[in-house]
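Encoded as structure tokens, the structure appears first; notes follow it.
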Amino acid sequence: MADGPEQAATEAVWHKVAELDELPEGRVKTVTAGRKSLALTHCAGAYGALDNHCPHQGGPLGEGSIENGLLRCPWHGYDYSPLTGTPPPGFTDAPACFPVEVRTDGIYVALPPERPRARTVSDVMVETMCAWGVTHVFGMVGHSNLGFADAMRSAEARGDLTFIGIRHEGAAAFAASAYGKLTGKLAACFAIAGPGSTNLLTGLYDAKVDRSPVLAISGQVPSKVRGRGAFQDLDLTAAFSDVAISSQTVQRDSDHAELMSLACKHALVQRGVTHLVLPDEVQVLPADATARVGTPSGRLADTSFAPPEAALAQAVALWPAPGGR
């Protein structure tokens, strides 16, 4: 059962999340407090603040609706109290609930102080991707790729990466393909699970046909609900099998840096598309203390070339001397 507002940490930090007239009675919306996403509700004259992830399968409660006094998850119709997160009788899962105050200048929510961000599997993979020369990622952030997106945010803050948000995943794949054609370097495209990732396919076929190096990265539903008809649960490895040189699903115990290194290497060497699938829960796993970043050192052949020595000598001989015609 979720803790009530009265059980908040004594050192809670208050965040303004909405204006007084911003949320009508009987409505819910997604708000952000610090780095946390919340579902802010207004019901029966009071406000509630719940974790925005449905504990059932992670559905965005802030995109739900209040029906008969209950907050309904937009994915599977699970109902919760909009003010406390309490589920109906017979159910035990409940989203976390946070204290709310209505002040003269707006609606405030109290959250525990943010802990220092721990290094994750996604950080190891993003750092490896950057070490292989990826400087641009085109994509769309959503419910099933947030862990990897957060790692890219940190890399962008360090100046290692530029993330370019787009309005449709197909545009991300075409942009990555064009980048490879124009520069010869590797770029990445990024999407959520299900149709978000399959939207990449047309642009990726463009890269395949024109032999442009592209790294495609897909979020995926949590492993525990794969194959059970979860929201946006698709076999992405099968879907990408024709367009991609390789398509691998990253597991909890995978060598995460090695999988990213191989994806970057094959895309560059074979001039085509490689694909990585990242289950939601794997993205945020703490990185092993011994995890090292993969690099291209010793893994790529020297592709530099020079003209034959005789031809070079002949060209030099034909070049006019200083002051000559």
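Of note:
- Cβ-Cβ under 8 Å pairs, at least 6 apart or on other chains, the range 199-213 side in contact (Cβ under 8 Å) with a residue 24 or more places away in the chain and surrounded by fewer than 24 Cβ atoms within 10 Å (Cβ to Cβ), far side part of a loop (DSSP other than H, G, I, E, B) and not hydrophobic (A, V, I, L, M, F, W, C): Asn199/His168; Asp206/Ser212; Lys208/Gly272; Arg211/Arg271; Arg211/Gly272
- Screening Gly58 against (1) closer than 30 Å to Asp288 by Cα; (2) at pLDDT 95 or above; (3) not aliphatic (A, V, I, L, M) leaves a single unmet condition, (2).
- Among the candidates Ala263, Ala267, Ala191, residue that is touching a helix residue (DSSP H, G or I) at 6+ places or on another chain (Cβ under 6 Å) and either more than 18 Å from Leu146 (Cα to Cα) or not assigned by TED's automatic domain parsing to the domain that holds Gln57 (or both): Ala191
- Near pairs, Cβ below 7 angstrom, 6+ apart or cross-chain, from the range 166-186 (assigned to a helix (DSSP H, G or I)) to any residue that is crowded, with 23+ Cβ neighbours inside 10 Å and among the β-branched types (Val, Ile, Thr): Ala176/Val214; Ser177/Val214; Gly180/Val214
- Some residue of the range 101-118 being charged (D, E, K, R), free of Cβ contacts under 8 Å to residues at least 40 places away in the same chain and under 20 Å from Leu201 (Cβ atoms): no
- Arg211 meets all of the listed conditions (1) modelled with pLDDT under 95; (2) at positive phi; (3) not hydroxyl-bearing (Ser, Thr, Tyr) but one, namely (1).
- Filtering the range 147-197 to residues that are crowded, with 23+ Cβ neighbours inside 10 Å, more than 16 Å from the chain's Cα centre (by Cα) and polar (S, T, N, Q) leaves only Ser177.
- Subset of the range 222-273 (residues that are among the acidic types (Asp, Glu) and farther than 15 Å from Ser122 by Cα): Asp233, Asp235, Asp242
- Any hit, the range 301-321, residues being assigned by TED's automatic domain parsing to the domain that holds Ser154 and hydroxyl-bearing (Ser, Thr, Tyr): no
- Of all residues in the range 282-291, none satisfies being assigned to a strand (DSSP E or B) and either over 29 Å from Gly196 (Cβ atoms) or among the hydroxyl-bearing types (Ser, Thr, Tyr) (or both).
- The sole residue among Ala216, Ala289 that is among the aliphatic types (A, V, I, L, M) and in the same structural domain as Ala175 (by TED's automatic domain parsing) is Ala216.
Results for (1) more than 28 Å from Leu204 (Cα to Cα); (2) modelled with pLDDT under 90; (3) surrounded by fewer than 10 Cβ atoms within 10 Å (Cβ to Cβ); (4) touching a Cys at 6+ places or on another chain (Cβ under 6 Å), shown as yes or no for each residue.
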site	(1), (2), (3), (4)
Val225	no, yes, no, no
Ser261	no, no, no, no
Val284	no, no, no, no
Trp319	yes, yes, yes, no
Arg325	yes, yes, yes, no
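- Flag for Ala207 being small (Gly, Ala, Ser), out of contact with any Phe, Trp or Tyr (no Cβ under 6 Å at 6 or more places or on another chain) and more than 21 Å from Ser144 (Cα to Cα): yes
The values are calculated or read from the model by the stated rules, or taken from the named source; none is laboratory data. These numbers were taken from a predicted model, which means no experiment stands behind them. Every residue, glycine among them, receives a Cβ derived from its backbone with ideal geometry; neighbour counts consider all protein chains shown.
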